[in-house]
Amino acid sequence: MPHDGAKNAHDHPPSDDDACGSCGSGNVAQLAQADAIEGRSFHVSGLDCAEEVSILNRVVGPEVGGREYLAFDVINARMTVLDGGTNPSSDKIIDIVATTGMTAKPWDAEDASADQAAHLKKQKLFTMLSGSFWAAGFAFHLIETGIAGAIGIFSGHGESAMPMVEVALFATAILFGVWLVAPKAWSSARRFSPDMNLLMVVAVAGAIGLGEFFEAATVAFFFSLSLYLESWSVGRARNAVSALLDLAPPTARVLYDDGSEADVPAAAVAVGARFIVRGGDRIPLDGEVVDGAGAVDQA
């Protein structure tokens, strides 16, 4: 994309975002001025989507001085408590997060990656077990009643009693399906703040109360499957972002006020510094062009 002296305005500190290509010969870029985000970061196991962000805003926000003192990175399951609020202790924040059915601990990139992989593996296991017992229950019903009976199960059992073996199979499918959802649902019920997790558990419990174990197992399995697919897609996005960041050059050639130059680790370049991008270089940091012109290959 050509940029004959065009400015790239933004409002965040230097990042590792990558852009490949040429910026002309000897172009100089000015890093945008912005206040770096400062605070304490936590890895929150179970933080996969906007639903969890909303819950954490409602529960943790008032304890840290307001929602404006919370920042979230859903891709990395990261919550940051910004400086300037009431500044509760890290242990208190961890305890508050625990009341939501999620778990938090101080941020460590390697531990967070391992925890995310373990969480996804657990979700996959419980979803597969739920689906397996659901399929086994349906297969048993098919063998016992034939095709007509198998079709009829979708409209309920009516007055006919479900065999105990079938009940046990569907009940096991329900157990595995709601196992990871139940803590969040219970926390939601205690706060008198119904959310998706509580509503799904209530739906399953209602079906069980009506004796419709097949329907309850179906809801539990497919809800568990949807949560697993959600976590899996977030993991894919996380891996894609990591792959892009790996392309970013590790250093930037900083131009000092006295005209000297030095290669500095990109993460250590101060906001407001100027750096040089020569023809063929990759761009290590966000900024605006203050001298020179060229084109950037953003493919």
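Here, each number is a calculation from the coordinates, and none is a lab measurement. If you're wondering where the values come from, they're calculated on a predicted model, not measured in any experiment. FYI the Cβ positions are ideal-geometry reconstructions off the backbone, even for glycines, and counts take in every protein chain you see.
Extension gain for A267-A182 works out to 26.5 nm (0.36 nm per residue, less the C-alpha to C-alpha distance). Distance between the 7 Å Cα→Cβ label points at L244 and L142: 4.3 nm. For region 39-107, the Cβ-based charge dipole about the Cα centre amounts to some 100 debye (Lys, Arg positive; Asp, Glu negative; other atoms uncharged).
In whole angstrom, how far apart do the alpha carbon centroids of region 215-242 and region 91-112 sit? Comparing the Cα centres of region 215-242 and region 91-112, I get a distance of 21 Å. When we measure straight from the Cα of K184, which lysines land under 30 angstrom away, once same-chain ones fewer than 8 places off are left out? The qualifying lysines are K92, K105, K121, K122, K124.
In this rough spin-label picture, where each label sits 7 Å from Cα along the Cβ direction, the D291-T251 distance is 2.1 nm.
Under a model in which nothing but the beta-carbon of Lys, Arg (+1) and Asp, Glu (-1) is charged, region 111-245 shows a dipole of about 600 debye around its Cα centre. Taking the charge dipole of region 178-299 about its Cα centre, with +1 at Lys and Arg Cβ atoms and -1 at Asp and Glu Cβ atoms, the residue from W232, T251, I276 reaching farthest to the positive side is W232. Please give me the summed charge of the neighbours of G206: other residues whose Cβ is under 13 Å from its Cβ, Lys and Arg +1, Asp and Glu -1. In short, -2. The length gained by stretching the chain between A71 and I151 to full extension, at 0.36 nm per residue less their Cα-Cα distance, is 23.9 nm. Indicate the gyration tensor shape class of region 188-295 (rounded, prolate or oblate), computed on the Cα atoms with a ≥ b ≥ c the square roots of the eigenvalues: a/c under 1.5 is rounded; otherwise a/b larger than b/c is prolate and the rest oblate. It is prolate, given that a/c is not under 1.5 and a/b is the larger ratio.
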